[in-house]
Every structure is written in structure tokens, then in C-alpha cells.
Amino acid sequence: MVRIFIGFLICFLFLNCAKKEEKVVEKNKPYIISYEDKMLQKHYDSSAAPPPSTKGFFYGESQLIIDKKGNLYFYQKRYIQILCSYGSEKDTLPHFLDLQPKDIVKIPKKCLKDFLSENILTKEKKRQILIIGSQSDTIKNPYFLDFLKSNLIQTYHIRRTTQEEDTVLKYKTNSDYYYPDSIKWDKTRIKLPKR
């Protein structure tokens, strides 16, 4: 009986000493814009409350752009308070902003949290909104993902970059002269001003 008990105890110890599989928890799960949009839509479809409209919502006062390499850029527009709807929810194309390469600043990746805190959180509460545009559908930048998890900015919208943002960013990174009238804009992707 003692031998059986000792044998059982030894087997039990050997089984427990086997290397346990470590559960790998991905620290920064990539943010996939199309997937998150679908999940958000499913959530709104299953709830009784109507979703907030993001149609015509391409720009805010503060924009963060993430390029294909994961570099971070920032630009601001002049703040215009909108008190009532003026038909922007029917817009399906972003308006031409006349954005210039000098308007866009590159943010060092390690300084993202401090930079956005200083440039957005110092504003009055209703203006603490960040619009995030990404050149790729999947965002893998660890500094951005850490910032998103920190919940410093409560109101943000993540979308793909507009044609104008892509074009101006290309001219900025290549240090080329930018003259918007010489560019053949795709009128199915951007709403140009009437001349």
C-alpha cells in the first residue's frame, strides 16, 4: 500500500513538473479599422439606441495621421462651433481643406502621449476630440496602441486617411514643392471647392 502511495505521489509530482504552457497575451493587439467598424455596427444593430452618425465626419479640430511605416503626424484646423446640422451628415466625401505640408508636424513616437495631452487636453472639454487617420487598415504602432489604451482622450474617431492627407503627406516626406492646383484630384474621393 505504501509503495502504491509513493508511486502515485512520484507520478503526480512528475506530471506537475512538466513545463506548463505559457499563455501569451499580446501586449498591443493591432487595431484593424474595418474590423472595429463592423463590430461597432453589430453593437449598434443589437441595441435599441441609434448609433451616432459619423457620415460627413472626416475632420475635427485636431487630426493625427499614421502613415504606412507607423510614423505619426499631427495637424489642426481652426475650431468652428457647429450648433445645428447643416447637411454634413449627407456628405460622403471629405471636403478639400487646402492643407499644406507646413501644416503637418511629425511627432516623435515616444512623445505621442505628452504631445497629444498638451495639444488636446488643455482645451475646453467639448473640444477634446481627436480624429485619427491611418494610411493602412491595420494600426500596429505600439506607442499609438498604448496611448489608445490609456484613455486620456475620451472622444476620438478612427478612419482611413483622405486623398488630400495622403497627397500632402507624400509631398512633405519627399520635401517636394506642393502646389495643389497642379494635382489631378479624384472627384470621387474628395469634394473640391467650386470655382
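Just so it is clear, none of the values below were taken in a lab; they were calculated from the coordinates. Model, not experiment: these values are computed from the prediction.
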Residue 77's amide H: which non-local residues (gap 5+, or another chain) put their own amide H closer than 5 Å, with H modeled 1.01 Å from N in plane and none for Pro or chain starts? 62, 63
What percent does the relative contact order of segment 109-165 come to when contacts are Cα pairs within less than 8 Å and at least six residues apart? 45 percent
Which of 77/113; 109/194; 69/113; 68/184 exceed 27 Å between C-alpha atoms? The answer is 109/194
